[in-house]
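Take a look at the structure below.
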Amino acid sequence: MNIKTKLRLGFGFLFVVVIFFGSVSLFYLNQIARSAKVILKDNYESLRFTGEMRKVLDEAQFPLSGDASAVFKRNLFFEENNLTEPGEKEETAALRVQYELLNNTAVTPDAFRTALLNARVHLRKIDQLNMNAIVRKNAAAQESVKKATIYLSFAACFTFLVLFSFSVNFPGFVANPLRELLYGIREISQKNYRQRLEVRNDGEFSELAEAFNEMAKQLNEWDTSNLAKLKSEKLRIEAIIGQMQDAIIGLNEKQEILFINTAAQQVLNLDGVNSIGKNATELAKNNDLLRNIIANSLRDKQLKIFADGKESYFQLDSREIILQGFEKQEDQVITKTGKPAGKVYILRNITQFKELDTAKTHFIATVSHELKTPISSIKMSLKLLSDDRVGSMNSEQLELVQHIREDSDRLLKITSELLDLSRAEAGNLQLQFSATDPNVIVNYAVDAVKFQAEQKEVKLELVSRTTLPKVMADTEKTAWVLINFLSNALRYSPEKSRIVIQVIEKGAAIEFSVRDFGNGIDKQYQKRLFDRYFQVPTDGTNKSGSGLGLAISKDFIEAEHGRIWVESEIGEGSRFCFSLPVA
């Protein structure tokens, strides 16, 4: 039986119950109304007729006048046609006889008084008969009302019990299968694919249960068939992670260790079998390296750890595990969301790269040192060659000598920068700290580039207070950074423009900045400006440097516990800044 038929039968049954109760109520109410109507029609009318006749006898003069006689005769006629009680007919007939005597003028006074007395007696008897009938019929009506009340109460109780039982039991025919289906769906959502529905009746619910059971069966088969495959893939992934040279450790969202490969066990000095499932925070209480890894305080820093029988270098990297899913928002829009499920920490073994970088640094230092001597000799020779005492040269020769001198200066500058870079990479930067007035550093740098600015007709504007707190820095190295900023600004500034040098106090630091009004630097290049050997692509109108000046500047400033950065917008120029702590 389908749901539609069940609902029709249920509402049809309710309709029949309501019709039944209404019919019983109407039947008994009709009986009560009929009893009351009989009382009013039969007896109350007789009392009204006798009352009218008694009024005539009491108020009229005898012999009766025409109007009084007509009233008496009319009511007597009505009474004769409303005889309902036993004995009422005889009393009415006797009343008529007495009425005739009262209207007869030939009767004696005694006979008249007797007739009047008898008439009153007959009227009283008629009244008594009807009063008794009213009392009797009223008692019968009351009994009928009581009986009707009892029957209606029984009918109401029966109807209430039927409707209550229906309201309690009938929804179960629809709700129980739906409840079983909801329970089954929840079990399936918990990956209990062995759940089955048992619906004993037929109709849509039976078909729905069969479809649900078939779906659960197929899901169970799919889960069973994929379980072995998932286990195999899991073992394969674990084998790949275990054989990697990088140390890898994975944590879930509860900071519990999910996996740890052999390299991580050796580096962190942990037992892999006993560590799986343990809380990493608890293990880190007795393991400084693990504690720093979890805190992510060593990110992007090189770690020197004794591993594989030698000093090895590692770099920490971390990745958050995100489980992709979908979520319905309040406006019924489904959006793609990611739920954090843990983190993976990787200690990359960079020992080989570190060794190559060290070899490169030594090579650059050696080559740079060896190149400085011949370049210095070339510059000395050029100086002697330009001396008129050696011999005069024509204009073409002088131009060639000038080009050679410029290239020699450039080579010497590059070798000096390479030497400084190699010292910085080797950690051999030798800084001579002293409490220095920031204006001294600025004036040193401005004097160094003043001639170059005058040649290009670029105005140098200095914005600074005469009294500023001193900074703890290496004056020469800091001035070199500022000179490098000014040289770059002059290189990329148009002629007859201006460069603003600003020195201000910000909190516990002094900020130095050099601003030009050239073309500016694209956002995509700004993050790499301080990388070694990186050069911003140009249109060829400006000669680019070696790509080492800003990198060395960063090493100098950070060695002085300062900070260096750049601010630039295309078409608005650039602003290179660094700050040093107040002495």
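Annotation: A559 fulfils all but one of (1) touching a Ser or Thr at 6+ places or on another chain (Cβ under 8 Å); (2) more than 24 Å from L460 (Cβ to Cβ); (3) small (G, A, S); the unmet one is (1). Residues in the stretch 50-79 that are part of a helix (DSSP H, G or I) and either within 13 Å of H122 (Cα to Cα) or in contact (Cβ under 8 Å) with a residue 40 or more places away in the chain (or both): T50, G51, M53, R54, L57, L76, E79.
Every test in (1) under 51 Å from the mean Cα position of the chain (by Cα); (2) more than 20 Å from V566 (Cβ to Cβ); (3) surrounded by 17 or more Cβ atoms within 10 Å (Cβ to Cβ) is passed by A508 save one, and that test is (3).
With the structure loaded, tell me whether V107 is free of Cβ contacts under 8 Å to residues at least 40 places away in the same chain, under 30 Å from V24 (Cβ atoms) and not aromatic (F, W, Y) or whether it fails that test. Before you say what the answer is, go through the steps one by one.
Values: free of Cβ contacts under 8 Å to residues at least 40 places away in the same chain: yes; under 30 Å from V24 (Cβ atoms): no; not aromatic (F, W, Y): yes.
So V107 does not fit the description; no.
Looking across the stretch 91-140, just one residue is of a type in the set (S, T, N, Q), closer than 20 Å to A70 by Cβ and either outside the structural domain of L57 (by TED's automatic domain parsing) or touching a Ser or Thr at 6+ places or on another chain (Cβ under 8 Å) (or both), and that is N103. Residues that are at pLDDT 70 or above and among the hydroxyl-bearing types (S, T, Y) were ranked within the stretch 17-32; the one that is surrounded by the most Cβ atoms within 10 Å (Cβ to Cβ) is S25. Please go through (1) crowded, with 16+ Cβ neighbours inside 10 Å; (2) over 30 Å from F21 (Cα atoms) for K137 and return the number of the only condition it doesn't satisfy. If we test K137 against (1) crowded, with 16+ Cβ neighbours inside 10 Å; (2) over 30 Å from F21 (Cα atoms), just (2) comes out false. Here is a check on your reading of the model: is S434 buried (at least 18 other Cβ atoms within 10 Å of the Cβ), in contact with a strand residue (DSSP E or B) (Cβ under 9 Å, 6 or more places away or on another chain) and farther than 18 Å from L548 by Cβ? Criteria not met by S434.
The rows are residues; the columns are (1) closer than 23 Å to S497 by Cα; (2) β-branched (V, I, T); (3) modelled with pLDDT under 85.
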| residue | (1), (2), (3) |
| --- | --- |
| R532 | no, no, yes |
| T538 | yes, yes, yes |
| T541 | yes, yes, yes |
| S544 | yes, no, yes |
| G547 | no, no, yes |
| K554 | no, no, no |
| E560 | no, no, no |
| E572 | yes, no, no |
| P581 | no, no, no |
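Only one of the listed residues (V440, V471) is within 55 Å of the chain's Cα centre (by Cα) and at negative phi. That residue is V471.
The residues on offer are E143, E80, and the sole one that is surrounded by fewer than 13 Cβ atoms within 10 Å (Cβ to Cβ) and either out of contact with any helix residue (DSSP H, G or I) (no Cβ under 6 Å at 6 or more places or on another chain) or at pLDDT below 85 (or both) is E143.
The values are calculated or read from the model by the stated rules, or taken from the named source; none is laboratory data. Only a predicted model underlies this, so the values are computations on that prediction, with no experimental measurement involved. Virtual Cβ from ideal backbone geometry, glycine too; neighbours counted across all protein chains shown.
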